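Derivation of every value follows stated rules applied to the coordinates shown; laboratory data play no part. Computed from a predicted model, the values in this text were never measured in an experiment. Neighbour counts are summed over all protein chains in view; Cβ atoms, including those assigned to glycine, are modelled from backbone coordinates with ideal geometry.
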Amino acid sequence: MQMPCGSVEGPLSFGKWAMVMVEFTAFFDESGTHDSAPILCMGGLVLENEAAKQLSVRWKEMLDGYGLPFFRMAACAHGAKPFDRLDKDQRIAVETEAISIIRSAIKFGFAVSVYPSQFDKTVPHSPEIGSPYSLCAHTCLTAVRGWANRFNIEGKISYVFEAGHRSQAEANGIMIRLFKKPNLRAEHRYAGHSFADKSVVLPLQAADIIAWQWFTENKRQLEGIRPNPRGDFVELMRKPIESGAEYHAVHLSEKLLSDLSRPVLMNEYPLTYPWRN
């Protein structure tokens, strides 16, 4: 599968001035998907399409240099395959290099987390919201839209998710319905969305690091493990970021979940909410 990153469009002329319309791709991955995980997290990054190509080249060189077929943060942290062939210092070195590559290219980083058990108790079953995964995906779309609005981004944005989650079909259906609406397509600068294999689309491996780090930091706080964050988490988020990027992260608390559910409940129980109309 080809990486869904087109080239930067040519210059558009306005008299003697020229403006380059830059296009972007947002890459999303998730962490905490096993049934016993107390937290589900989705994280990712926005890259200019040309920067995504350059990141992919540097990422492949990094993998080849360490004899790795792919980068997966959980495997690197615990020395699981294929990182079992590297000693601890080598694993630290390859992660440090990966973080450096991310920091040099990223335009916007984001993460969202939710407790699935709290979601199940708070959020009504609704095709508009779907599963915790689908809600996290939708929240990430909203985060990218907010970033694009703050920085007056004019170019189109493609949205790429790691393939394979059990709620993929549901999330895809929600996005198809959303982006049939012209106003939402325009607000999200929508160029398309897809689900891809992160062994092929290398920026998804960068998104994996962000998702895992945010998941791990939240899990440590939930369990009361070490008040100070991991050193690699601090390095990933350290400011100023070389590329001039910013990070935004949110935890979907019980109150936020209730607020998100309110419009759905209004539609399902109109007599309970007579002020709706």
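So here's what we get for this one:
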| read-out | value |
| --- | --- |
| Hits in the range 236-247 (condition: surrounded by 15 or more Cβ atoms within 10 Å (Cβ to Cβ) and either touching a helix residue (DSSP H, G or I) at 6+ places or on another chain (Cβ under 7 Å) or farther than 26 Å from P116 by Cα (or both)) | L236, I241, S243, A245, E246, Y247 |
| The range 174-219, subset small (G, A, S) and either without any contact (Cβ under 8 Å) to a residue 24 or more places away in the chain or outside any helix (DSSP H, G or I) (or both), residue farthest from L55 (Cα to Cα) | A186 |
| Which numbered condition S36 fails, given (1) within 30 Å of E154 (Cα to Cα); (2) surrounded by fewer than 21 Cβ atoms within 10 Å (Cβ to Cβ); (3) not charged (D, E, K, R) | (1) |
| Residues (of a type in the set (G, A, S) and either under 18 Å from W212 (Cβ atoms) or in contact (Cβ under 8 Å) with a residue 40 or more places away in the chain (or both)) located in the range 40-89 | G43, G44, A51, A52, S56, A74, A75, A77, G79, A80 |
| Lone qualifier among P182, P116, P132, P124 - being touching a helix residue (DSSP H, G or I) at 6+ places or on another chain (Cβ under 7 Å) and surrounded by fewer than 16 Cβ atoms within 10 Å (Cβ to Cβ) | P124 |
| Selection count where residues are part of a helix (DSSP H, G or I), of a type outside the set (A, V, I, L, M, F, W, C) and closer than 30 Å to K53 by Cβ, scope the range 84-126 | 9 |
| Verdict on L45 being touching a Pro at 6+ places or on another chain (Cβ under 9 Å) and outside any loop (DSSP other than H, G, I, E, B) | yes |
| P132 more than 26 Å from E217 (Cα to Cα) and touching a residue at least 12 places away in the same chain (Cβ under 8 Å) | no |
